[in-house]
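Okay, so here's the structure we're looking at.
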């Protein structure tokens with residue numbers, strides 16, 4: 001890419017897309033193409049093809065997707081598999097038709113088997129049964145990977161696929177019904193703290209799903225954006241690339257850390273009747289490290305930045 005390349009960021013208002021757009025702007029790229037979902041419905045093939053024909057982007061970051069946590073995946077499995085498959089299919093095919101020089105497809109670490117060896121290497125894809133709670137989403141992402149690889153093979157395209165670990169940061173989704181675990185914990189502890197301050201009473205316990213034992217890896221969103229731009233510039237290949245920090249933490253440890261950062265003084269109760277999800281998800285990031293990139297933001301620092309953003313943008317939530 002050069003500074004005058006036409007670059008389309010699909011999903012620029014989401015957590016991932018907004019961070020990629022900010023990163024590109026900070027590096028001086030001047031021809032960035034974006035559309036809101038009202039301006040361009042990515043589930044409509046004719047609209048997508050007309051958009052690509054008109055705008056002729058040279059590079060595409062495919063960050064548009066329907067995402068959510070365990071509750072959302074369990075509640076809306078049809079939405080997750082349909083919307084993700086159709087969005088990525090339309091964008092990838094239109095990119096091929098329009099002779100896009102390079103496309104970066106954002107996958108997810110949930111593509112790996114539920115009981116994959118830890119840390120999870122890229123070659124573990126399709127070696128075992130998926131985690132049931134997010135299987136439709138995972139299957140959609142696997143289809144996207146295979147579509148990129150197939151277009152590379154048949155048409156000599158340059159479509160790369162990256163698999164980020166659990167993400168968090170400013171502009172995350174803090175809706176308790178559809179969010180991932182880290183933003184949900186920030187909101188729960190913040191609202192419990194606010195309720196205690198308003199009532200000047202003993203704090204009520206915060207109830208969390210599962211046992212707290214599952215382990216997860218978390219990557220700050222600005223680090224992901226940096227990695228994506230890095231790989232768009234420097235990586236050409238059909239093999240997928242994991243993006244993560246290479247370290248994990250239990251949900252109980254994460255909850256204790258967020259509780260401390262927020263300043264909540266009550267208790268935590270675990271509802272063990274609720275599902276835990278995959279026991280452990282830690283990515284092997286040796287391939288990414290060998291390419292010359294490593295994450296820079298520590299978990300405590302990243303959570304503190306995210307909480308500061310949350311309190312500044314959710315005035316109606318007890319801030």
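Could we say that residue 163 is farther than 28 Å from residue 276 by Cα, at pLDDT 95 or above and either outside any loop (DSSP other than H, G, I, E, B) or not assigned by TED's automatic domain parsing to the domain that holds residue 264 (or both) here?
No; evaluated as a whole, the condition is false for this residue.
For region 249-271, state whether one or more residues are over 28 Å from residue 129 (Cα atoms), under 17 Å from the mean Cα position of the chain (by Cα) and either modelled with pLDDT of 95 or more or not assigned by TED's automatic domain parsing to the domain that holds residue 189 (or both). Talk me through it step by step, then tell me what you get.
Kept after step one, since they are over 28 Å from residue 129 (Cα atoms), are these residues of region 249-271: 255-269.
Within this subset, residues satisfying the condition of being under 17 Å from the mean Cα position of the chain (by Cα) are none.
No, region 249-271 contains no residue that is over 28 Å from residue 129 (Cα atoms), under 17 Å from the mean Cα position of the chain (by Cα) and either modelled with pLDDT of 95 or more or not assigned by TED's automatic domain parsing to the domain that holds residue 189 (or both).
Might you check whether a residue that is closer than 20 Å to residue 172 by Cα and touching a strand residue (DSSP E or B) at 6+ places or on another chain (Cβ under 9 Å) occurs anywhere in region 78-95?
no
I'd like the full set of residues that are part of a loop (DSSP other than H, G, I, E, B) and in contact with a strand residue (DSSP E or B) (Cβ under 9 Å, 6 or more places away or on another chain), limited to region 99-114.
Selection gives 100, 101, 107, 108, 112, 113.
Given (1) over 26 Å from residue 173 (Cβ atoms); (2) buried (at least 23 other Cβ atoms within 10 Å of the Cβ), where does residue 54 come up short, assuming only one miss?
Against the list (1) over 26 Å from residue 173 (Cβ atoms); (2) buried (at least 23 other Cβ atoms within 10 Å of the Cβ), residue 54 comes up short only on (2).
Which of the residues that make up region 15-55 are without any contact (Cβ under 8 Å) to a residue 40 or more places away in the chain and assigned to a helix (DSSP H, G or I)?
Step one: list which residues in region 15-55 are without any contact (Cβ under 8 Å) to a residue 40 or more places away in the chain, which gives 21, 25-26, 28-41, 46-47, 50, 54.
Residues satisfying the conditions are 21, 25, 26, 46, 47, 50, 54.
Report yes if residue 308 is at pLDDT 95 or above and over 17 Å from the mean Cα position of the chain (by Cα), otherwise no.
Yes; evaluated as a whole, the condition is true for this residue.
The values are calculated or read from the model by the stated rules, or taken from the named source; none is laboratory data. These numbers were taken from a predicted model, which means no experiment stands behind them. When we count neighbours, we look across all protein chains shown, and the Cβ atoms used for this are built from the backbone with ideal geometry, even at glycine.
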